[in-house]
1. Quick one: which of 241, 292, 235 is open to solvent by 10 Å² or more (accessible area, probe 1.4 Å), among the β-branched types (Val, Ile, Thr), touching a strand residue (DSSP E or B) at 6+ places or on another chain (Cβ under 8 Å) and modelled with pLDDT of 90 or more?
2. Pairs needed: first member in the range 91-114, over 18 Å from residue 70 (Cα atoms); second member anywhere, of a type in the set (Lys, Arg) and surrounded by 15 or more Cβ atoms within 10 Å (Cβ to Cβ); C-beta distance under 6 Å; at least 6 residues apart or different chains.
3. Inside the range 265-287, can you point out the residues that are over 10 Å from the mean Cα position of the chain (by Cα), modelled with pLDDT of 80 or more and open to solvent by less than 10 Å² (accessible area, probe 1.4 Å)?
4. Being closer than 29 Å to residue 221 by Cα, surrounded by fewer than 19 Cβ atoms within 10 Å (Cβ to Cβ), in contact with a helix residue (DSSP H, G or I) (Cβ under 9 Å, 6 or more places away or on another chain) and modelled with pLDDT of 90 or more is true for just one of 109, 99. Which residue is that?
Amino acid sequence: MVEADVRPIVVGVDGSTAATHAVSWAAQEAVRRDLPLVIVHACALVPVAVPYAEALVPAYHRAQLEYGREWLDAAESAAREAAPDVHASTDLARGWAAEQLIARSASAELVVLGSRGLGGFTGLVVGSIAVAVATYGHCPIVVVRGADARTEPRHEGPVVVGVDGSPTSAAAIPFAFRAAASRGVPLVAVHTCLDLPLGGFGEIGVDVDWDVIEREQRALVGEWLAPAQAEYPDVPVELVVARYRPAHTLLEQAENAQLVVVGSRGRGGFRGLLLGSTSHALIYHAACPVAVVPPRP
């Protein structure tokens, strides 16, 4: 059991290879943070819509629960193999996976998921559960994909964070600094001046002095980073200022990173849109694990 005042790292599993990679990542992160790991599998015990269902339903539900226990046992073994010192426990829940994980995110430090589960279709690069939890989760959500979802995790790359002055960006910055500090790697802070195509300015006859804009933006980003940088003075910081399209720039930086961190919604988000286009693009296409950080309460 997890102590009431300790917020654990929660990882969802479903027997898939992607979930096993997520467990390994989560176990290592739990040891880095000195937190317990809770491995969750949710069984949606729905009725069986076939003739003679009354006789089949109990056996079907028992089979679901047995598979769930087997997957949890295998996941716990994978966690201990990845991080022998991890304090891991398992939780066989009843209900829909996304709902269960979103509910648990309210009392978790972090929720970790694989990029695709057993229900995924060929060519679908990220599972619907991962998107749902990243959209509605109450704590930071990590979708493990890319290099850490293969046999050779990337341990030397930097942590990358997207910054844009929004409230979610303000929450993502300290998360990213802490991740970089715990791994002993640099932080790459990515900021884009505009979300618009550059060609549009030339077409309407606007002359833009990008050198001046870049200097101003670098100074502004320095102000945004300053509080967290003061807390983690030993973390080297590289600032990348691009002219437009944050998703494109972050995806490029993610190629050599071990983690990319973004807010759940940026400055360009529409009211009511809980997951921004940049964070959405990253959890679909990034070459490394993606942390989606909600704004602070």
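The values are calculated or read from the model by the stated rules, or taken from the named source; none is laboratory data. Keep in mind it's a predicted model, so treat the numbers as computed, not measured. Glycine gets a Cβ as well: all are built from the backbone with ideal geometry, and neighbour counts include every protein chain shown. The accessibility values were calculated without ligands, DNA or RNA, using every heavy atom of the protein model including side chains. Shrake-Rupley method; radii C 1.70, N 1.55, O 1.52, S 1.80 Å.
1. One residue alone meets the criteria, 235.
2. Short answer, once both residue conditions are applied: 108/7; 109/7.
3. Taking the range 265-287 first, the residues over 10 Å from the mean Cα position of the chain (by Cα) are 265-278, 280-281, 284-287.
This time we only want the ones that are modelled with pLDDT of 80 or more, so: 278, 280-281, 284-287.
The answer is 286, and nothing else.
4. 109
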